[in-house]
Amino acid sequence: MYVLGIESTAHTFGVGIVKDGEVIANERDTLKPAQGGIIPREAAAHHYRLAPMLLKAAIDKAGIKMKDIDVVGFSQGPGLIPALKVGYQVAHLISEKYGAKVVGVNHCIAHLEIARKYTGLEDPVMLYVSGGNTQVITYQGGRYLVFGETQDIGVGNLIDKIGRKMGMPFPAGPKIENMARSGRKYIKLPYSIKGMDVSFTGMETFVSRIIGREKSEDVSFSLQETIFAMLIEASERAMAYCRKDSLVITGGVAANSRLNDMGEVMCRERGAVSKRIPLEYAGDNGAMIAYTAYLMKDYRQRDLTIKPRYRTDTVEIKYR
Ligand code: ATP
Ligand code: FE2
């Protein structure tokens, strides 16, 4: 059985294909705005422009034909309306033309499922960290429950905003990570954890004021140490509370090796395990949508529209 998945929630347009649940193609392209943040209409234009080429590349990589596709999955949300519409339209076109069944996938749950698959950890606490999202998640009673989350912006978004102020192009995550390696001085930054939730706007204001006055290396280093400590503290609390003994970090920011190191230290100290997901599946990709659509393929879905504010904990998980 072949399942094709389309990712189009934000900057990235991705097409993945799984054969009987194993990834056989994963093609993508990410819009990188020259300056400033993302403009939804520009993201959609990027996706429309690249969709045919990426579809063909994925199909060729898989060594199949369009008509071989049994199921086509797409990201229903959360995301930007114009960008989401592209994935929706492409999926429905493929369905009409080639008879594939359409499956709507929650983007956040796709990040979680691909992480479970590639770490082999069945029931971990999951730290989902990306541009738009920052959530600590556990599975309970047929749903992925959000145990803690950001009260304002996502951690990736914070990193990108600070990077932009330091003159780095989007996405700033890998550049800040690199720069932080040469940081020597720890600058005390606001540490903001409220119950299980974290908050980043105070950090944004504070760090904006010290850019230019402190060395970029030290700012990057201090920023990473502080925000990752907050995230790992919230994750540890969720593990203790839910009595779960494994941790998985997923989403674009999971590409950061310092964050993974800190997760590993925390887990080791409490006799728990943490495993890293392959880099290819950390950021947005079509394979995670295809894989999650594969898991969902046997269930009926009433609503196949786009859901810009689709929440992780509203999805009933029937395959676990
Ligand atoms: P979502 O809809 O899940 O919020 P997204 O649109 O933000 O997804 P992702 O690809 O999941 O897309 O995440 C992108 C984010 O990951 C960007 O903010 C980017 O700076 C960040 N990122 C990428 N690599 C690293 C890294 N090495 N260290 C820190 N952050 C990183
Ligand atoms: Fe994402």
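The values are calculated or read from the model by the stated rules, or taken from the named source; none is laboratory data. Owing to the predicted nature of the structure, the values given are computational and were not obtained by experimental measurement. So basically every Cβ, Gly included, is an ideal-geometry build from the backbone, and we count neighbours across all protein chains shown. Quick note on the areas: whole protein, heavy atoms, side chains included, nothing else; ligands and nucleic acids left out. Shrake-Rupley method; radii C 1.70, N 1.55, O 1.52, S 1.80 Å.
Here are a few things to note about the model shown:
- Residues in the stretch 136-155 that are under 14 Å from the mean Cα position of the chain (by Cα) and either more than 16 Å from ligand 2 (Cβ to nearest atom) or more than 13 Å from F200 (Cα to Cα) (or both): V136, I137.
- Residue in the stretch 249-265 that is surrounded by fewer than 16 Cβ atoms within 10 Å (Cβ to Cβ), assigned to a helix (DSSP H, G or I), hydrophobic (A, V, I, L, M, F, W, C) and more than 14 Å from ligand 1 (Cβ to nearest atom) present: yes
- Test: G142 is at pLDDT 95 or above and open to solvent by 10 Å² or more (accessible area, probe 1.4 Å): yes
- Candidate set from the stretch 4-45 (those that are in a helix (DSSP H, G or I) and within 16 Å of ligand 2 (Cβ to nearest atom)); member that is most open to solvent (accessible area, probe 1.4 Å): P40
- Checked against the criterion of being over 22 Å from K85 (Cβ atoms), assigned to a helix (DSSP H, G or I), out of contact with any Cys (no Cβ under 8 Å at 6 or more places or on another chain) and within 16 Å of ligand 2 (Cβ to nearest atom), the stretch 286-295 has at least one qualifying residue.
- Spans of strands (runs of 3 or more DSSP E) in the stretch 87-196 with at least 3 residues among the aliphatic types (A, V, I, L, M): 101-106, 125-129
- Close contacts from the stretch 57-79, counting a first residue that is within 10 Å of L4 (Cα to Cα) and in a loop (DSSP other than H, G, I, E, B) and a second that is open to solvent by less than 30 Å² (accessible area, probe 1.4 Å) and at pLDDT 95 or above, with Cβ to Cβ under 7 Å and a gap of 6+ residues or different chains, come to I69/L4; I69/I94; I69/A100; D70/V3; D70/A100.
- Candidate set: the stretch 272-320, residues that are charged (D, E, K, R), within 20 Å of the chain's Cα centre (by Cα) and open to solvent by less than 60 Å² (accessible area, probe 1.4 Å); chosen: the one farthest from S235 (Cα to Cα): K307
- Summed over the stretch 233-266, residues that are within 21 Å of the chain's Cα centre (by Cα) and touching a residue at least 60 places away in the same chain (Cβ under 8 Å) total 19.
Rundown of residues vs (1) free of Cβ contacts under 8 Å to residues at least 60 places away in the same chain; (2) hydroxyl-bearing (S, T, Y), yes/no style:
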{"position": "L84", "(1), (2)": "no, no"}
{"position": "Q89", "(1), (2)": "yes, no"}
{"position": "P124", "(1), (2)": "no, no"}
{"position": "I159", "(1), (2)": "no, no"}
{"position": "A172", "(1), (2)": "yes, no"}
{"position": "S182", "(1), (2)": "yes, yes"}
